[in-house]
1. Could you tell me which residue of the stretch 47-62 is nearest to ILE225 (Cα to Cα), considering only residues that are among the hydrophobic types (A, V, I, L, M, F, W, C) and open to solvent by less than 10 Å² (accessible area, probe 1.4 Å)?
2. For the stretch 86-100, how many residues are in contact with a Ser or Thr (Cβ under 7 Å, 6 or more places away or on another chain) and either part of a helix (DSSP H, G or I) or surrounded by fewer than 17 Cβ atoms within 10 Å (Cβ to Cβ) (or both)?
3. Is there a residue in the stretch 231-244 that is in a helix (DSSP H, G or I), farther than 19 Å from GLY272 by Cα and at pLDDT 90 or above?
4. So which residues in the stretch 140-174 are modelled with pLDDT under 95 and of a type in the set (Phe, Trp, Tyr)?
5. Could you list, in sequence order, the residues of the stretch 259-296 that are of a type in the set (Val, Ile, Thr), within 21 Å of the chain's Cα centre (by Cα) and either surrounded by 22 or more Cβ atoms within 10 Å (Cβ to Cβ) or assigned to a helix (DSSP H, G or I) (or both)?
6. Which residue pairs have Cβ atoms under 8 Å apart, sit 6 or more places apart or on different chains, and have a first residue in the stretch 286-297 that is in contact (Cβ under 8 Å) with a residue 24 or more places away in the chain and a second that is of a type outside the set (Asp, Glu) and not in a helix (DSSP H, G or I)?
7. Go through (1) assigned to a strand (DSSP E or B); (2) over 26 Å from ASP126 (Cα atoms) for LYS251 and report which single condition fails.
8. Considering only residues of the stretch 234-258 that are crowded, with 22+ Cβ neighbours inside 10 Å and of a type in the set (A, V, I, L, M, F, W, C), which is farthest from THR355 (Cα to Cα)?
Amino acid sequence: MRTFRFELKKLLRLPMLWGFLALSLALNGLLTMTAIHDAPWYTYVASVLPVTFQRTDDPAFAAGLEMLPAEDFRAALAEQTAEPVNALDGYDAALLGTQEAGLIGVTGKWADIFAQKYARLQPIVDEMAASGVAYDVYAAAGTHDYQLHLTGILYHAALTEALLLAVLLTLYAFGCEAQHGTDLLVFSTRAGRGVNRAKLAAALAASLLCYAILCVGALLPFAMIYHLRDFLSMSVSSSFNYVVVAPVLVKPFLTWKPFTLAGYLGATLALGAALTVVFALFAAVCGLLLRNTYLAFLAWFVTAAGMLALPVFSADVKVWTGYFLGMCLPVPVWLNQQYWFTDLGSAAFLPWQETVCTAANLAAFALLTLLALRRFRRKDLT
């Protein structure tokens, strides 16, 4: 425990860390303000919810609007909700699967597996349609932009910064002694090479702490400016929310279970924390195998780029096994973060793929890290 505290303190005292965090928070602040022109609309919709409630199919919604003072925003909201729409009612998930498969040209057994995913999605779509969650007003016509700004831009930036910090902190933790030429001295102490376990624990703790700081620093200003609290009870599968797959294909926001915005955001934050651990373990493997920090980062970067390139090249040559398995790797999982817990379109062949793949990656990189630690204990360091 003493060694762990020392290693954690060493990481948290890095000027680089706090400089990176300061720049990241400043960037996230700028990203938060990119939607400021929509703030009056979000403010208005949030302000009328105590009067109208959130279901557009409820007669109380239109009646509540009528009670409000006449103004442009009221007229716009009344027009957008004049004919309540349940976009999930009668929605054909099988047809969507056929359209998605056609976009990338998937064939053979993988086309069948792909179709099975949408067959499993259909009962969930029907359940949500019957419950009427699609009638939630959310932010009305501003819903898509609100969700995109929150999870697709702001949170994605915070997650990306946290993943980069996790990699850099972990590589530094394992390589700082070698950089300063004190590694042989450290490994000859009483703790010996067992100090690597403390380094790993400290790197994971520091990575998760930075992830928490970045998420709070990004989401708190957003919540204050754009009235996040007022929208937390809204369904993310509202008819006003949609996903643009291609210029010719727009679909509802189809999740594998009914999610309110609060539930969706909570699940996203939890999965992001798990992915941060995966990236830290990924870097730990590189740091343990290559004692030179710069070479370790180069190895990490090349491997990460390969993870991104594998599904792209596999799709180009129609090798669907490589494509779909490549989409399970950590970097593609991060890249598709905006649509976590949805059908993920042509990027997935399994229900809950981002969750399953993150759990698998966590187990795989934990095993690789244990093997790398064992190898390091037997390695000749002279």
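1. VAL48
2. 1
3. yes
4. Passing the criteria: TYR172, PHE174.
5. The answer is THR268, THR276, VAL277, VAL278.
6. Cβ pairs passing all conditions: ARG291/LEU381; ALA296/LEU290.
7. (2)
8. By that ranking, first place goes to PHE240.
The values are calculated or read from the model by the stated rules, or taken from the named source; none is laboratory data. This structure is a prediction, so every number in the text was calculated from the model and none was measured. Cβ coordinates were reconstructed from backbone atoms using ideal geometry, including for glycine residues, and neighbour counts include every protein chain displayed. Just the protein is used for accessible areas: all its heavy atoms, side chains included, with ligands, DNA and RNA removed. Shrake-Rupley method; radii C 1.70, N 1.55, O 1.52, S 1.80 Å.
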